[in-house]
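*Asks:* One structure coming up, written as structure tokens, with questions to follow.
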Amino acid sequence: MKISRRGFIKLTGAGALGLGLLPVKNVLAGDHSNVTSDGKRWAMVVDSRKCGECNDCIVACHKTHNVPEIDNKEEEIKWLWKEKYEHAFPSQKHDFVDEDLKKRPFMMLCNHCDNPACVRVCPTQATFKRKSDGIVMMDYHRCIGCRYCMAGCPYGARSFNFNDPRPFIEEINKTYPTRTKGVVEKCNFCAERLAKGSLPACVEACPNNALIFGDLNDPDSEVRKVLREHYTIQRKPDLGTRPSVYYIV
Amino acid sequence: MLEKAFSGSKRYWSWVIFLLVLIGIGFGSYLYQLNKGLAVTGMSRDVSWGLYIGQFTFFVGVAASAVMVVLPYYLHNVKEFGRITVFGEFLAIAAVTMCLLFIIVDLGKPMRLFNVLIYATPHSIMFWDMIVLNGYLLLNILIGWNVLEAERNAVAPPKWVKKLVYVSIPWAVSIHTVTAFLISGLPGRHYWLTSIMAARFLASAFAAGPALLIILSLIVKKFTKFNPGETAIKKLALIVSYATIISIFFVILEFFTAFYSNIPSHMHSLEYLFAGLEGHSNMVPFMWMFAVLAVIAMVLLINPGTRNKENTLLIACIAVFVSMMLEKGLGLIIGGFIPNAFEKVTEYAPTLPELLITLGVWAIGAFILTILYKVAVSVKEEVRA
């Protein structure tokens, strides 16, 4: 086959264009079923059967991360809190849920989704999924406070600093930053503690071992063991966000 | 040409000063918000967007509607619109500026605004909204100003302007499509998660925008020596009529899907907005006002007798504008957040500072519009003299 220089350049150009379109194809027709982080993927199993009356985990979390105590419900900041079954799993509720389940508290926190909508919508990458372990993190210094992530999150996991939070913090933990007014924040799976090799503050604080934490990508991890042995559910799994928080009911 | 804005009647100057006072009040309120944080607004952890984003959405529509005079004039040679295309384009400039300001006043950290450019993120729809809105603003400034200058000098506008006009037509559609995408692609916001959102946005935009243009044309006709022309207004009225009917039709479609399927999560927001949910009914009067005004407008617009009479047309146009603003500029955004992710209801009502800031942005829009229309009318009066 004889090929002219002109023809050769044309073909090369077309080929280069095709390569350029490859990422587009991956986005439009890619296989999203195995979106995962490169290495670890931290996850939590909440054993709601063991969860009692105390608030130890919430206190530990909020103290560690300088989360302000704001009484006004509309402006409150929360990283970890309790919801009733019917509110935690609105599409699973029915008229004859047993009394125990009705009363039982369910711990709510950021789901650290494998396919997080908040990260998709953030215009500055101030919220991002960490490649190394799948934690959905916040850069408080980059956030412009547009609150698009709050509209995007289907779990109501995010809080916005409507006020300057500092006057509302009883005792400041100097090893973790405080925030300023006008930025969004949420649970960070205690990334700062994991870096030092400790467990998240809530997991450590729970007197009943109701919170189990570990690496989903490690088949021998504690979470994988618990997941193998129990029936677990996730919040709104039909939305395709692939949450990393599981619940034993 | 800008010098035309510096000479005017006593009435012109009183209006300008009145607007400047409102801008001052709005700016003062904004400084208060900047100091205290968004806590001074009615927004909350559950309803995290409110009046600002609603107004932003609505005015994107007003801006996009300029295409309803530009397209017939440039693509279909509808000569009557030649007299008012520049009014459409100048309206777009004022409206887009308002949109950008509504976004800025909504930000928790406005000083970090340029992070959107520094850390450009194409997978965020907000990034694209910034591109299309600023592009549209630039297009309309270039086109409107150059066409008007050419008219003043009694020459044909430069060739490149016409090319920009052709770009501006699909661009107008894009600004409202992208704005719809901002909210229609979010998992878990059932009220917004509807593929008809962009079409609905465009339909209500092409109703409310040209309705405002008719109102403005009638004002120009009353207070200046320039007459935008009977036929232009009649043609615009026809556009408003069709767009209003299509808008109402689209709203009915949303009701059908939600209530015939009977899926609770799809019905909740509509129930909250139009009937109240779990005893919460702040929005109900406003949504019914929308419905009633939309029907009044439709009746007045369908009937040729009332559509072609100036007084009744004016009433119809005000009804269209107000009803679409209630639906899109308020109910649509708030409805998306109620009920919240836990199927609980937290209500929203704007506070006084929030209303004053909104009023301030409106005044800035009216100010820009006044200056630009003053220039345009003066040039047109001068050309016709």
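The values are calculated or read from the model by the stated rules, or taken from the named source; none is laboratory data. Being a predicted model, the structure only gives us computed values, none of them experimental. So basically every Cβ, Gly included, is an ideal-geometry build from the backbone, and we count neighbours across all protein chains shown.
*Asks:* Which of the numbered conditions does B:Ile318 fail, given that it passes all the others? Conditions: (1) closer than 25 Å to B:Phe90 by Cα; (2) of a type in the set (A, V, I, L, M); (3) crowded, with 18+ Cβ neighbours inside 10 Å.
*Replies:* Looking at each condition in turn, B:Ile318 falls short on (3).
*Asks:* In region A:81-139, which helices (runs of 4 or more DSSP H) lie fully inside it and hold 3 or more residues that are within 12 Å of chain B (Cβ to nearest Cβ) and closer than 24 Å to B:Ile125 by Cβ?
*Replies:* Answer list for region A:81-139: A:117-121.
*Asks:* Restricting the first residue to region B:190-213 and requiring it to be under 18 Å from B:Cys99 (Cβ atoms) and among the acidic types (Asp, Glu), which pairs with a second residue that is modelled with pLDDT under 95 and assigned to a helix (DSSP H, G or I) meet a Cβ separation below 8 Å and a spacing of at least six or different chains?
*Replies:* The qualifying pairs do not exist here.
*Asks:* Quick one: how many residues across region B:101-112 are closer than 26 Å to B:Phe58 by Cβ and either among the β-branched types (Val, Ile, Thr) or outside any loop (DSSP other than H, G, I, E, B) (or both)?
*Replies:* 8
*Asks:* Ok, one more. For residues in region B:181-195 being outside any helix (DSSP H, G or I) and among the hydrophobic types (A, V, I, L, M, F, W, C), which is nearest to A:Ala157 (Cα to Cα)?
*Replies:* The first filter runs over region B:181-195 and keeps only residues outside any helix (DSSP H, G or I), leaving B:185-195.
Right, trim to among the hydrophobic types (A, V, I, L, M, F, W, C) and you get B:186, B:192-193.
Working: B:Leu186: 15, B:Trp192: 19, B:Leu193: 20 Å.
Of everything passing the filter in region B:181-195, B:Leu186 is nearest to A:Ala157 (Cα to Cα).
*Asks:* What residue, among those in region A:174-197 that are modelled with pLDDT of 95 or more and of a type in the set (S, T, N, Q), is nearest to B:Val105 (Cα to Cα)?
*Replies:* A:Thr180
*Asks:* Name the residues in region A:229-243 that are at the interface with chain B (Cβ under 7 Å from one of its Cβ atoms) and out of contact with any Pro (no Cβ under 9 Å at 6 or more places or on another chain), would you?
*Replies:* Across region A:229-243, there are no qualifying residues.
*Asks:* So B:Ala237 clears everything in (1) in contact with a Leu (Cβ under 6 Å, 6 or more places away or on another chain); (2) touching a residue at least 40 places away in the same chain (Cβ under 8 Å); (3) within 28 Å of B:Glu347 (Cβ to Cβ) except one condition, right? Which one?
*Replies:* Result: B:Ala237 fails condition (3) only.
*Asks:* B:Met267 versus (1) surrounded by 18 or more Cβ atoms within 10 Å (Cβ to Cβ); (2) within 20 Å of B:Pro304 (Cα to Cα): which is the lone unmet condition?
*Replies:* (2)
*Asks:* Let me ask something additional. Tally up the residues in region B:113-143 that are in a helix (DSSP H, G or I), facing chain A (nearest Cβ under 7 Å) and in contact with a Ser or Thr (Cβ under 8 Å, 6 or more places away or on another chain), please.
*Replies:* Result for region B:113-143: 3.
*Asks:* Pairs, please: C-beta under 7 Å, at least 6 apart or cross-chain, first residue within 12 Å of chain A (Cβ to nearest Cβ) and in region B:340-357, second crowded, with 16+ Cβ neighbours inside 10 Å and of a type in the set (Asp, Glu)?
*Replies:* B:Asn340/B:Asp46; B:Phe342/A:Glu83; B:Thr346/A:Glu74; B:Thr346/B:Asp46
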